[in-house]
Structure formats: C-alpha cells, structure tokens
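Below: the structure, in structure tokens.
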Amino acid sequence: MQTTAFLGTAHIHTPGFIAMLGKRNDVRVKAVYDHDTVRAQKNAEKLNSQTADSAQQIIDDPEITSVIIASETARHLDLVEAAAAAGKHIFAEKPLAINADAARQMADAIQKSGVVFQTGFMLRSTPHMQFIKNEIDKGNLGKITRMRVANCHNGVQRGLFDDEWKWIADNQQAGGGGFADLGAHSLDILLWTLLPSCGKVKNAVASLGSGFHRYGDIDEYGVGILSFENGAIGELAASWTDAKLRAPVEVHGTEGEILVQGTDVYYYSEKVEGADGEIWTDLPAQQPHAFELFWDKLEGKPMNIDLVSVEEAATGSILMDQMYKSAR
C-alpha cells in the first residue's frame, strides 16, 4: 500500500488523477496541500483526506513516501527539490519546468536522490504511438527523414481557461500558452521515437500565433521544427484553437511511412509483408495511463512500458525553452 500526498492541485488533470486514485486499492492519499486553501479543501474532500498547512508538513511526514505534484508549473522547482531531498518518489505533471535552468536543476536533484520519477506523458501508452516507436526501432521504415506530431483541441473557443484553470494561460505561471501546454506531448513523442535512431537534436526553432487573443498576448498555437544529427526533421504542432478535425501523426522514411488519421493507422513498408499503405490493425495493446504506471512501478507490478525518465522530461522542457526563445 502506497501512502502519498498532493503538493498542489492546480493542474487541469487533477480531477482525472483523483478519479484514477479512487479506483485503486493500493494507494492512500494522506494529505493535500495547495497554496489556494479553498482548492486544497475541495480536493481533500474528494479524496477523503486531510489538508496540510504547508508543503513542508508533507515533506516532513515519514509515512508519506511519494508525492503528486500537480501545482502551477512555476511552483514545480521548489516542490520537486524538497521532495527529492526528502527521498520521496515523485509524480510531477507535465511540463516539468517553465525554463531550461529549472529543468536542469530538477533533473539533477532527482538523479542525485535516486527516487522514482514519472510525468504525465500519456500518449506513449496509446497503441498507435507504441506501434510507431516499435517500427522505427526495428528499422522497418528505413532512414527516417521527417516526422510530424500534432496535439490540438478547441479550448479557447470553449473558454477552457476562463475560470478554474486560468493560470494555464498565464505565461508567468505556465511558461507559455497552447504551444507549451499541448506541444509538450508532441515534443515528447518526437524525442521518444526519434532520438535512438536519429541522434541528438542539433537545433530547435518555433513560430507562435494567436487568433482570438482571449487570454491576452499568450500564444494559442504554434509549430516547432527540430533538426536531428542524422538529418531527420521533426515537426511538432499544438493548438488551443482547432475546431474539430485531427491529423495527429505522420512518419516518413526512405522505405516506409505511417500516417494516423483519427484512430486509423495507415502503414506502408518495403520490409513488412502486407504493409501496402492501407489501414493497419495489428497494433500493440493500450497500456495504462502514465499516472497509473507510476503506482504500478512503486507496487512492483509487471510493466510493458517504461516510465518517463527525468532526463527525458528535462530535455523536453529545455528544448521548449529554446523554441520559445527562437520565436521571440
């Protein structure tokens, strides 16, 4: 049985985390801390838990062996460093940091402490993303030339950040707008799938835009370009303003291609029998959500997919910082 606590409950995924915890019998949430005491009390009631007067109260509690950091991104650094120093395992919601310096400090603290780390990159668990990674790793697409990953919704039109989640559209608290928020997932997939075969990222640039200006001058959408050592180009797109249609992934290699349209996967490979460019249905099984994987790891349960390393999470935040600087 894991005994954990929330350090911050500001993130928009907090209700989902609470729902998942409610279905597990191997995790107990002892306490909830949030600088917003009303928010802390509301979430503590949902969890049948108590509120903590300070983050330090949780850090000092020896019964609490892990923490869930779902605060505003700008507050991650202090919370992560304190939790790591106390030897508590850490689930920190994405993105890890608002800038490169904070990302590096957190990665160093976690690696020094040796605690288990995980962040919320749940796209890795989907069948089509696992399939893409597997086929690239096997070399079934030949040399990768370019890959595009888009992650978009219509949150601006729906006023998603008007009230409770308003901080997500505040650059000082979130480190960026739609590109930082949803683009973190796209960037993670590009790095997860391409780094092993394409080498390090040589350069990262971006262009950002805003069509509605509902939340002031913060970016609502953007496109980033990564240049890899072997010549491959990775493109990430993210938007809070896409009306409805989604075309999340394209992967192109010298001997094969994979396109994802909605839930359909189209696969062509000169090396794989039957991969003629039409719909491909032989996909891996859906894996647990990234949040569930954290508890499975702590409980020693069998896992078919690795956790996100803190170095991977930090690299994403460092590159995102670089892309925002290039856009400015």
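Here are a few candidate values for Cα Rg over 2.2 N^0.38 Å: [x] 1.00; [y] 1.07; [z] 1.11. Which one was actually calculated from the structure I just gave you? This structure yields the entry labelled [x].
Alpha-carbon geometry of the range 127-285: the Rg and the Dmax are 17.0, 52 Å, given in that order. Residues of the range 3-41 falling in the label zone of residue 289, defined by backbone nitrogen less than 16 Å from a point 7 Å along Cα to beta-carbon, are 6, 9-29. For the chain, calculate the relative contact order in percent as a whole number, restricting contacts to Cα pairs under 8 Å that are 6 or more residues apart. This gives 20 percent for the chain. In summary, the aspartates and glutamates within cross-link reach of residue 42, defined as a Cα separation below 20 angstrom excluding same-chain residues under 8 places away, comprise 34, 53, 72, 93, 162, 163, 164. With the highest mean first, a sort of the peptides 285-293, 302-310 on other beta-carbon atoms found within 10 angstrom per residue produces 285-293, 302-310. Across all directions, the average projected area of the convex hull around the alpha carbons of the range 158-200 is 3.9 nm². If you plug the beta carbon distance of residue 261 and residue 3 into 1/(1 + (r/R0)^6) with R0 = 45 Å, you get a FRET efficiency near 0.55.
By the count of other C-beta atoms within 10 Å, a proxy for reagent exposure, 145, 14 are ordered fewest to most as 145, 14. Fully extending the segment from residue 173 to residue 270 would add 30.1 nm, taking 0.36 nm per residue of separation and subtracting the current Cα-Cα distance. Enumerate the lysines that residue 325 could reach by cross-link, defined here as Cα to Cα under 22 Å, with residues fewer than 8 away along the same chain left out. Partners within reach: 94, 200, 202.
Just to be sure I follow: if Rg is taken over the C-alpha atoms of the range 2-118 and Rh is the Kirkwood radius over the same atoms, what is Rg/Rh? Mind dumping the intermediate values first?
Values: Rg = 13.1 Å, Rh = 14.0 Å.
That ratio equals 0.94.
Once fully extended, how much extra length lies between residue 56 and residue 245, figured as 0.36 nm per residue of separation less the alpha-carbon to alpha-carbon distance?
Values: separation 189, 0.36 × 189 = 68.04 nm, distance 4.52 nm.
Contour length minus the Cα-Cα distance gives 63.5 nm.
Using 0.36 nm per residue, how much length does the chain from residue 163 to residue 35 gain when fully extended, once their Cα-Cα distance is taken away? Intermediate values should be presented prior to the final figure.
Working: separation 128, 0.36 × 128 = 46.08 nm, distance 1.71 nm.
Here the answer is 44.4 nm.
No lab work stands behind these numbers, since they all come straight from the coordinates. Predicted model only: the values in this text are computed from it and were never measured. Every residue, glycine as well, gets a Cβ built from its backbone with ideal geometry; the counts of neighbours run over all protein chains shown.
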